[in-house]
1. Report the net charge of residues surrounding E46, where surrounding means a beta-carbon distance below 14 angstrom and charges are Lys +1, Arg +1, Asp -1, Glu -1.
2. Can you give the FRET efficiency for Q95 and M74, using 1/(1 + (r/R0)^6), R0 = 35 Å, r = Cβ-Cβ distance, to the nearest 0.05?
3. Which lysines have a Cα lying under 22 Å from the Cα of K49, excluding residues fewer than 8 positions away in the same chain?
Amino acid sequence: MSVHNIALNLIRCVLLLFFVESLSGCAAKKTLIWTPTDARVVSEQEFRKDIYECTQQSTTFSAGGGTGYVGLAMMAAAQRRGQEQANELFKICMQARGYSYTEQDAP
């Protein structure tokens with residue numbers, strides 16, 4: 001097997017891994033339904049303000065890198081982990097503001 005064929009096979013494997021990694025983010029999306037706890041009354045304006053502030057506080061930046069297809073795969077994985085972390089921070093923020101959530105399948 002020539003060096004060229006080995007390189008092509010390696011590129012195909014990396015592309016396959018990248019494709020599988022990108023599909024894993026598409027599985028079973030859930031929608032969170034937020035409600036105030038303790039039967040407190042929250043205006044729509046206050047609710048939107050809480051969502052906005054928690055979104056701002058949960059923003060994360062992901063870094064990853066490298067060159068070529070390997071670099072792309074590393075960046076995709078770092079971005080996915082960053083989004084998962086941001087989602088958790090958002091949940092913590094909303095819960096700290098007195099909300100609870102239920103999960104529903106996304107349409």
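Just so it is clear, none of the values below were taken in a lab; they were calculated from the coordinates. Computed from a predicted model, the values in this text were never measured in an experiment. Note that we place each Cβ from the backbone using ideal geometry, even for glycine, and neighbour counts take in every protein chain shown.
1. Value of the local net charge: +1.
2. 0.65
3. Straight-distance partners of K49: K91.
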